[in-house]
Ligand code: ADP
Ligand code: MG
């Protein structure tokens, strides 16, 4: 052994050391721990139990619920030895409050004996005869047993191993763990130090009982973590807003002319939100603002207003849409409104000719004020903006936080002005309050909380999928009245291939049943050009019915469409159903949405569909979605930074977000010296929240 290795071996283990410094942890175990996000000794501390086994308290059978792992004390009243099958013995046990069937498997172990009492530990299930426990563990005396934590595990790491490693980490923490939050800054129930909280959760005592998810110790740690998350995004925001950005004027002649030509006037909400944006654009620092507005609330017009102010100031505007289909639709709308004003609108897409593309790129490089619209490819390719003043991102929820950051890099103006473009982010999926406060804490938020006048509520009904033929007459009537219909065929977890096939067969069936109607089809396997052609036909009313996959989910705007059928509605999230349904109800006639479902429906699915029928409020639906499916689903799986909270849970801990946010604000305001340690502990500095 070399000298340095020897001295290292005798040095005390530190929290920042790799787990391999702990006794008995070799490369193999280390690799398995890494799968649970445990690399350093400190990481073990935040690996909290998912539940506890209380082997110290005897539970009356009447109080036991299926799924509980409990200690019971029963007298055996009957036993039967089985000769075949896997079970060896079945016994009936009872206490003062009830009965339970006990199964013993395998060839070893003592059999239970009639007439004797036993202390048994195991998980309770419901079988044909009521409560059952398989392979119960015999316990000698309740007094000798304690509350054992059960950890989320991974192959190859036993519970005993987790317990031993975490106990070691706690010993290290005893000397080393910093108390970052003075407990006096917390409300009374949470006035617990971090170390005490960890001890409570990893090594609960009989006196305090089994910690539940609302235990102040867990909440205390969750608040610290949420606070760290908010500090991280705030820090990012403050780095961002310290930079310089072009200053736009308060008024724009282009915008005034557009308003004069518009067949309608902006709603009060649209005007207010635009005013909030324009106030930002008059500052010499980059705007970072999120506009939330339910489907159909008219976000596009607000974006156009902001864009025209940039154009007036001589700058270029980039609009990023989540799909090629939407980029094309935006390009069409912008062109319709802006071409009369002689403002150039360019679409950068995969299918334009090399010549056109060269011209557009040259114009951008030549600093000509213009609006350029595209998908994320806009920022990945070698597009050089000579004077980019404003970036607009539509349907933000489709992009991850990371993409947003990558995008702002693109914003440096290359010709030495040192200015960053302003950023406007628009989303139609209402972001539940708690998420907005943490994940989006770096954004100022404006809400368009009003729909344009004359919109009628969409009537939503449910229909069992095997009765879908009943819809044929309905479609026929709607189209006879000069309206159009969508039939959406989303398949969950299927390939685009299978989804496309389902849409194709639906289109074929409808064509056969409704020979007098013009039926179109759009799905993800078609080329962008094909999709665009079909969409343009539907928009121009050259098609009566559009059969589509979820490619039409966001943004598509055909006000004459008034009927929508959605297949597999029971398997879609509420936010997604709301987006889809938002494709109708855009005109001034009554609109209908039929949600098709398959029997049998789970209670949860029933409740979800009922909520869809009852409300059209995107915020209500988003909150319900968040509660049921968690933030990863609501914001899209790409928002991985969020899903990786160690202790906190944005749903369970929603009520604590305001406290965490207030603490974060306070720390940021006083530039608290503990910030680096806080970020180090919870966020992992320099990873996702690194450079802006
Ligand atoms: P979203 O917020 O879902 O992106 P859009 O911007 O696509 O909504 O607008 C939906 C429809 O409402 C479009 O046809 C648009 O022209 C129309 N619209 C927008 N603002 C108004 C308004 N103030 N009055 C009437 N119609 C409006
Ligand atoms: Mg839109």
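For region 157-198, the Kirkwood estimate of hydrodynamic radius, built from reciprocal distances between every pair of different alpha carbons, is 11.8 Å. The fewest-to-most ranking of 110, 395 by surrounding Cβ atoms within 10 Å reads 110, 395.
Annotation: extensible slack from residue 459 through residue 31 equals 148.6 nm (criterion: 0.36 nm per residue apart, minus Cα-Cα distance).
Between helix 618-635 and the chain there is an angle of about 60 degrees, using the helix long axis and the longest principal axis of the Cα atoms. The antiparallel fraction among DSSP beta bridges confined to the chain stands at about 35%. Using R0 = 45 Å, the C-beta based FRET efficiency linking residue 366 and residue 50 works out to 0.15.
For region 527-605, the Cα-based Rg and Dmax, in that order, read 13.7, 42 Å. One equal scatterer on each Cα of region 56-144, no solvent, Debye formula: the resulting log10 I(q)/I(0) at q = 0.20, 0.24 Å⁻¹ is -0.91, -1.31. Sorted from greatest to least, the principal axis extents spanned by the alpha carbons of region 458-615 come out as 41, 35, 29 Å.
I need the calculated FRET efficiency for the pair residue 125 and residue 339, taking r as the beta carbon distance and R₀ as 51 Å, to the nearest 0.05.
Values: r = 69 Å, r/R0 = 1.35.
According to the calculation, E is roughly 0.15.
Spin-label pair residue 150-residue 105: with each label point 7 Å from Cα along the Cα-Cβ axis, the two points sit 1.6 nm from one another.
Multiplying the residue separation of residue 540 and residue 178 by 0.36 nm and removing their Cα-Cα distance gives an extension gain of 123.8 nm. If you take the Cα centroid of region 338-375 and the Cα centroid of region 576-618, the two points sit 39 Å apart.
Sorting 342, 479, 489, 593 by the number of Cβ atoms found within 10 Å of their own Cβ, with the fewest placed first, yields 342, 479, 489, 593. Oblate is the label for region 294-394. Its Cα gyration tensor axes, ordered a ≥ b ≥ c, give a/c of at least 1.5 and b/c at or above a/b. Counting neighbouring beta carbons within 10 Å and listing from fewest to most, the residues 459, 531 come out as 459, 531. Full extension of the segment from residue 283 to residue 354, taken as 0.36 nm per residue of separation minus the current Cα-Cα distance, would add 21.7 nm. Between 0 and 90 degrees, the angle of helix 324-338 with respect to the longest Cα principal axis of the chain falls at about 40 degrees. Placing a pseudo-label 7 Å from each Cα along the Cα-to-Cβ vector at residue 82 and residue 260 gives an inter-label distance of 8.8 nm. Considering only alpha-carbon pairs that sit under 8 angstrom and 6 or more positions apart, the relative contact order computed for the chain is 13 percent.
Take the Cβ atoms of residue 40 and residue 96, set R0 to 45 Å, and the FRET efficiency comes out at 0.35.
Does the chain come out rounded, prolate or oblate, given a ≥ b ≥ c as the square roots of the eigenvalues of its C-alpha gyration tensor, rounded meaning a/c under 1.5 and, failing that, prolate meaning a/b above b/c? The partial results should precede the final answer.
Details: a/c = 2.48, a/b = 1.46, b/c = 1.70.
Oblate, because a/c is 1.5 or more while a/b does not exceed b/c.
Rounded, prolate or oblate, given the Cα gyration tensor of region 133-176, with a/c below 1.5 counting as rounded?
Working: a/c = 3.70, a/b = 1.54, b/c = 2.41.
Oblate is the answer for region 133-176, as a/c is 1.5 or above yet b/c matches or exceeds a/b.
None of the figures in this text is laboratory data; all of them are computed from the coordinates on show. Not measured: the values here are computed from a predicted model. Here Cβ is always computed from backbone atoms with ideal geometry, including for glycine, and neighbour counts include all displayed protein chains.
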